[in-house]
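The values are calculated or read from the model by the stated rules, or taken from the named source; none is laboratory data. Treat the numbers as computed from the prediction; the structure is a model and nothing was measured. Here the Cβ is made from the backbone with ideal geometry for all residues, glycine too, and neighbour counts use every protein chain on show. The area values use the complete protein model at the heavy-atom level, side chains included, leaving out ligands, DNA and RNA. Shrake-Rupley method; radii C 1.70, N 1.55, O 1.52, S 1.80 Å.
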Amino acid sequence: MKKVLGFDLIDGTMSVTGMADQVRTWTLTGPRSRDEDILMGPHAAVLHYGRSIFEGLKAFRMTDGQVYLFRASQNARRMREGAEAFGLIPLPEELFLQIVHETVRENIDLIPACGEGALYIRPLLMDAGQVMGLSSSGTCTIQVTVNPVGDYFAGGTGVYLYYNPAWVRTAPGMGGTIKAGGNYGLGIPRKKIAKENECAEVIYTRAGSDHIDECGAANVFLVKDKLIFTPSLRHGTILPGITRDSVIHLARHLGYTVFDSLDIPIDFQADECFLTGTAAGITPVLGWRGSDGRGHTYSSKVGPITEYLSEELSGIRDGRSPDQFGWLEEVEL
Ligand code: PLP
């Protein structure tokens with residue numbers, strides 16, 4: 001049975017654990033099993049107003065049995081910044097890391113052997129306190145769940161994306177940079193439509209433009225004449241993916257020129273396209289199909305630069321290549 005660690009963080013003044021920051025004290029409880037329900041009242045703010053943000057990261061087992069997290073401190077920072085923007089109680093980054101490390105240790109038997117997969121870790125921060133009206137209940141709960149996942153070159157031989165120009169994921173000023181639960185609801189029926197059209201994911205353009213934003217749960221990269229392009233973060237509409245950042249660093253280190261601050265039209269005639277994200281790593285994209293009959297095929301098979309970057313990134317993530325950027329954080333067992 002998959003385990004769950006649950007910790008309740010309570011905004012108050014009574015110190016129980018000694019893990020207080022200057023502002024407030026956090027009370028931690030757990031672990032508990034996945035079969036145990038989370039108790040919350042009918043007016044829980046998370047139920048009515050979607051007051052939750054979440055993260056996704058992975059733990060890998062190396063050949064020597066050691067366990068490492070990939071860039072977990074970046075997830076800690078993104079969750080703290082998201083909580084600040086979202087009016088949730090910001091979880092101190094050290095506490096985020098402590099809870100994640102503890103969760104991994106608690107579920108150590110679930111981590112796949114080296115090269116066979118990873119432990120996907122899902123921290124969820126929510127306002128589960130009861131409140132009527134648009135305000136904070138003043139409490140916050142974090143839970144961290146885990147799920148072992150297999151090792152795969154996501155998308156295998158490549159996927160198609162579905163494009164409907166009438167759909168946007170978020171718009172400037174609407175918190176697209178935050179991994180908020182509410183940003184994902186509309187993506188569920190849309191992904192179903194994508195699948196019905198033999199596409200793996202939805203690709204979105206920015207509201208009122210034909211410039212690529214990102215996919216439902218991944219960032220987009222395009223390759224043209226060996227130059228690499230990824231949509232700009234400056235409009236505040238896309239998630240600043242940790243894999244996106246890693247691929248930009250890695251590609252530049254390998255000698256590629258990467259443009260990460262341009263607007264890229266949906267009909268950009270690239271040679272290769274791929275998606276990046278923690279869950280899938282690098283997913284090759286063969287082309288897109290539009291709801292209006294438009295569409296484009298980038299290539300008939302996985303492009304060489306996509307394959308090269310995927311191999312290099314997964315080499316670092318599972319310890320086959322040196323960790324030259326200091327991206328691996330050891331979990332003390
Ligand atoms: N964009 C969206 C909307 C996402 O939900 C995700 C991850 O789930 C990503 C991009 C990729 O982010 P990361 O590389 O940090 O996993």
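A few points about this structure:
- Summed side-chain charge close to Tyr308 - residues other than Tyr308 whose Cβ falls under 13 Å, Lys, Arg +1, Asp, Glu -1: -3
- Rounded if a/c under 1.5, otherwise prolate or oblate - segment 97-209, Cα gyration tensor axes: oblate
- Neighbour cut-off at most 12 other Cβ (10 Å), DSSP loop, GluC sites (Glu not before Pro), segment 131-207: Glu198
- Per residue, the accessible area of the chain comes to 44 Å² when a 1.4 Å probe rolls over the protein heavy atoms.
- Dividing the summed helix terms, -39500 (n - 2.57) for each DSSP H run of n ≥ 4, by the number of residues in the chain produces a 222 nm estimate of -6500 deg cm²/dmol to the nearest 500.
- For the chain, carbon and sulfur atoms together expose 52% of the accessible surface, with a 1.4 angstrom probe and every protein chain in place.
- Relative protection proxy for 252-260, 271-279, 218-226, from highest mean packing down: 271-279, 218-226, 252-260 (other beta-carbon atoms within 10 angstrom).
- Expressed to the nearest 5 percent, the antiparallel share of DSSP beta bridges inside the chain is 85 percent.
- Two-decimal Rg/Rh across segment 139-298, once Rg and the Kirkwood Rh are taken from alpha-carbon atoms: 0.95
- Ordering 103-110, 305-312 by mean Cβ neighbour count within 10 Å, with the highest value first, yields 305-312, 103-110.
- For the chain, the number of Lys pairs separated by eight or more positions or lying on different chains, with C-alpha atoms closer than 30 Å, is 26.
- Degrees between helix 93-106 axis and first principal axis of the chain (Cα, 0 to 90, nearest 10): 90
- Residues with amide H under 5 Å from that of Thr145, placed H, sequence gap 5 or more: Arg122, Leu124
- The chain - percent relative contact order, Cα under 8 Å, separation 6 or more: 18
- Dipole magnitude (debye, nearest 20) for the chain, charges at Cβ of Lys, Arg, Asp, Glu: 600
- Taking Cα atoms only, the orientation of helix 187-196 departs from the longest principal axis of the chain by about 40 degrees.
- Hydrodynamic radius of the chain per Kirkwood, over alpha carbon pairs, in Å: 20.9
- Neighbours of Thr177, meaning other residues whose beta-carbon lies under 15 angstrom from its beta-carbon, give a summed charge of +1 when Lys and Arg score +1 and Asp and Glu score -1.
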